[in-house]
Amino acid sequence: MTQNPIPFLDLKAQQARIAEPLRRRLDTVLAHCQFIMGPEVAELEAKLAAFCGAKHCIGVSNGTDALQIAMMAENIGPGDAVFLPAFTYTATAEVPLVLGATPVFVDVDPRTFQIDPDHLAARIAGVRAGGKLTPRMLIGVDLFGQPADWPALAAIAAREGLATLDDCAQSFGASLHGRRLGTAADTTSVSFFPSKPLGGYGDGGALFTESDDRAALFRSLRSHGEGTTRYEVHRTGMNGRLDTLQAAVLLCKLEVFEEELRTRERIARKYDQRLGNAVTIPARVADSDSAWAIYAILLPDGTARTRMQDGLKAAGVPSAIYYPKSLHQQPAYAQAHDGTALPVSEDLATRIMALPIHPDLTEADVDRICSAVLANV
Ligand SMILES: *Cc1c(COP(=O)(O)O)cnc(C)c1O
């Protein structure tokens with residue numbers, strides 16, 4: 001018997017749940033026509049700041065531009081070392097390179113997949129001993145919905161005089177020690193790419209900070225470096241604004257976001273229970289709540305992974321690989337890498353596999369996914 005394939009992400013089902021308020025929000029924008037920096041942008045910024053307990057939120061064009069604005073505000077450039085995990089999405093390493101800085105790849109924890117603080121300390125010491133680059137910034141990534149070990153990372157950064165940037169693109173809504181992410185680093189950046197836990201209907205992003213000075217810089221940089229008036233240019237900036245229609249969509253999705261986070265957690269627990277004896281399930285970061293952007297399991301090796309993916313596909317169950325290569329193995333970034341061994345990141349790339357996790361999966365879908373995994377181990 002063939003069954004309908006289960007979607008990896010179901011934006012149509014989610015849209016049906018919020019259809020009426022969404023239509024009202026969009027109609028309001030179509031009526032006022034302030035498509036750039038309309039009132040929905042400021043409303044969203046205030047609500048997002050309240051949601052995570054941050055002092056400032058600045059809406060921007062996407063999660064990659066958010067990283068870039070945060071780094072431009074710290075004057076990151078040639079000769080600067082920017083420390084970041086090797087096992088993350090492309091954008092985290094791309095932006096330091098665009099600005100002429102050098103990404104320094106740090107290995108990750110084999111159980112939680114988050115950046116390893118001990119290896120970070122070793123990498124900073126190595127760069128200092130090398131004498132060629134100046135350690136300037138740490139980008140900690142909250143991978144797959146879980147928080148990185150921010151207390152440990154912030155302590156190292158403070159000791160070493162590094163600015164901290166939390167690349168929270170995948171994990172807005174997660175919390176650590178009872179506090180939502182958004183205030184763990186000097187600056188937190190978020191993405192609203194459609195497949196992120198809080199996703200728009202196009203590109204979007206945001207920056208969070210407790211610092212009034214940084215917030216003012218971010219606002220200037222996202223709008224061509226403007227000063228107190230639009231036609232006074234104080235610094236080289238960029239066109240990095242969040243547009244009003246995306247803000248309207250996100251305001252609507254924010255209303256159901258907490259409920260969706262609870263549903264994602266329920267699904268993760270069910271996966272843990274049913275699959276925990278058969279495959280390596282993701283270890284939880286202590287005293288945290290995940291936003292469950294991605295539920296990733298580990299298989300014994302690459303052959304087992306290919307076999308599993310083929311078996312799942314035949315059963316109409318999608319899977320995905322985040323990430324098939326560690327960033328230091330990417331052709332574009334390999335040149336920037338100093339050759340330091342990153343064994344955990346390399347190993348994860350060969351064995352990791354993500355199962356669907358989204359708020360519109362039914363109990364029956366989750367049962368079907370679990371049965372298909374168990375039939376293919
Ligand atoms: C998605 C993502 C980004 C980039 O966000 P965009 O909005 O797609 O530009 C940056 N970092 C990480 C870790 C991401 O997952």
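The values are calculated or read from the model by the stated rules, or taken from the named source; none is laboratory data. The model shown is predicted, which means the values in this text are computed figures rather than measured ones. Cβ coordinates were reconstructed from backbone atoms using ideal geometry, including for glycine residues, and neighbour counts include every protein chain displayed.
Among the residues of segment 249-262, is there at least one that is under 20 Å from the mean Cα position of the chain (by Cα), under 15 Å from ALA70 (Cα atoms) and within 14 Å of the ligand (Cβ to nearest atom)?
No, every residue in segment 249-262 fails to be under 20 Å from the mean Cα position of the chain (by Cα), under 15 Å from ALA70 (Cα atoms) and within 14 Å of the ligand (Cβ to nearest atom).
Across segment 85-112, which residue is nearest to VAL141 (Cα to Cα) among those that are near the ligand (Cβ under 9 Å from one of its atoms) and in a loop (DSSP other than H, G, I, E, B)?
Only one residue tops the list, namely THR88.
It is to be established whether one or more residues within segment 310-320 are free of Cβ contacts under 8 Å to residues at least 40 places away in the same chain and under 27 Å from VAL82 (Cβ atoms).
No, that holds for no residue.
Does segment 301-310 contain at least one residue that is part of a helix (DSSP H, G or I) and among the β-branched types (Val, Ile, Thr)?
Of all residues in segment 301-310, those part of a helix (DSSP H, G or I) come to 302-310.
From the residues that got through so far, the ones that are among the β-branched types (Val, Ile, Thr) too are 303, 306.
Taking every residue of segment 301-310 in turn, at least one turns out to be part of a helix (DSSP H, G or I) and among the β-branched types (Val, Ile, Thr).
Taking the residues in segment 26-48 that are away from the ligand (no atom under 16 Å from the Cβ) and surrounded by 19 or more Cβ atoms within 10 Å (Cβ to Cβ) as candidates, determine which candidate is nearest to THR92 (Cα to Cα). Even if it seems obvious, please write down each step before you answer.
Taking segment 26-48 and keeping what is away from the ligand (no atom under 16 Å from the Cβ), we get 26-43, 45-47.
Then keep just the ones that are surrounded by 19 or more Cβ atoms within 10 Å (Cβ to Cβ); that gives 29, 40-41, 45.
On the way: VAL29: 33, GLU40: 28, VAL41: 25, GLU45: 23 Å.
Filtering segment 26-48 for residues that are away from the ligand (no atom under 16 Å from the Cβ) and surrounded by 19 or more Cβ atoms within 10 Å (Cβ to Cβ), the one nearest to THR92 (Cα to Cα) comes out as GLU45.
Taking the conditions exactly as written (assigned to a loop (DSSP other than H, G, I, E, B), touching a Phe, Trp or Tyr at 6+ places or on another chain (Cβ under 9 Å) and within 30 Å of ALA42 (Cβ to Cβ)), does ALA291 satisfy them or not? Walk me through it before giving the result.
Numbers: assigned to a loop (DSSP other than H, G, I, E, B): yes; touching a Phe, Trp or Tyr at 6+ places or on another chain (Cβ under 9 Å): yes; within 30 Å of ALA42 (Cβ to Cβ): yes.
Yes.
Return the residues of segment 81-112 that are charged (D, E, K, R) and surrounded by fewer than 22 Cβ atoms within 10 Å (Cβ to Cβ); say none if nothing qualifies. Explain how you work it out, then say what you get.
At the first step, the residues of segment 81-112 found to be charged (D, E, K, R) are 94, 107, 109, 111.
Within segment 81-112, GLU94, ASP109, ARG111 meet the criteria.
Return the residues of segment 340-350 that are outside any helix (DSSP H, G or I) and buried (at least 16 other Cβ atoms within 10 Å of the Cβ); say none if nothing qualifies. Step through it out loud before you land on a result.
As a first pass, look at segment 340-350 and keep what is outside any helix (DSSP H, G or I): 340-342.
Listed by number, the list holds a single entry, LEU342.
Residues are listed down the side, and each one gets a yes or a no for (1) under 18 Å from LEU254 (Cβ atoms); (2) among the β-branched types (Val, Ile, Thr):
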{"site": "ILE6", "(1), (2)": "no, yes"}
{"site": "LYS12", "(1), (2)": "no, no"}
{"site": "ILE18", "(1), (2)": "yes, yes"}
{"site": "GLN34", "(1), (2)": "no, no"}
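Under the condition of being in contact with a strand residue (DSSP E or B) (Cβ under 9 Å, 6 or more places away or on another chain) and of a type in the set (D, E, K, R), which residue from segment 37-71 is farthest from VAL82 (Cα to Cα)?
It comes out as LYS47.
hydroxyl-bearing (Ser, Thr, Tyr), under 30 Å from LEU22 (Cβ atoms) and surrounded by 15 or more Cβ atoms within 10 Å (Cβ to Cβ) - does that describe any residue in segment 261-272? Step through it out loud before you land on a result.
As a first pass, look at segment 261-272 and keep what is hydroxyl-bearing (Ser, Thr, Tyr): 263, 271.
Among the residues that remain, those that are also under 30 Å from LEU22 (Cβ atoms) are: 263, 271.
Still in the running and surrounded by 15 or more Cβ atoms within 10 Å (Cβ to Cβ): 263, 271.
Yes.
What pairs come up if the first residue lies in segment 151-176 and is outside the structural domain of ALA66 (by TED's automatic domain parsing), the second is of a type in the set (Val, Ile, Thr) and surrounded by 24 or more Cβ atoms within 10 Å (Cβ to Cβ), and their beta carbons are under 8 Å apart, counting only those six or more places apart or on different chains?
Note: no pairs meet the criteria.
Given the criteria touching a residue at least 24 places away in the same chain (Cβ under 8 Å) and among the hydrophobic types (A, V, I, L, M, F, W, C), does ALA216 qualify?
Working: touching a residue at least 24 places away in the same chain (Cβ under 8 Å): no; among the hydrophobic types (A, V, I, L, M, F, W, C): yes.
So ALA216 does not fit the description; no.
Do we have any residue at all in segment 221-240 that's in contact with a strand residue (DSSP E or B) (Cβ under 7 Å, 6 or more places away or on another chain), closer than 18 Å to GLY38 by Cα, in the same structural domain as MET137 (by TED's automatic domain parsing) and among the polar types (S, T, N, Q)?
yes
In segment 321-339, what count of residues is obtained for those that are surrounded by 14 or more Cβ atoms within 10 Å (Cβ to Cβ), in a loop (DSSP other than H, G, I, E, B) and either touching a residue at least 60 places away in the same chain (Cβ under 8 Å) or away from the ligand (no atom under 16 Å from the Cβ) (or both)? Write out each step before concluding.
Step one: filter segment 321-339 for residues surrounded by 14 or more Cβ atoms within 10 Å (Cβ to Cβ), giving 321-323, 325-330, 333, 336-338.
Of the ones still in play, those that are also in a loop (DSSP other than H, G, I, E, B) are 321-323, 325-326, 330, 336-338.
Next, from what is left, pick out any that are either touching a residue at least 60 places away in the same chain (Cβ under 8 Å) or away from the ligand (no atom under 16 Å from the Cβ) (or both): 322-323, 326, 330, 336-338.
The number of residues fulfilling the criteria is 7.
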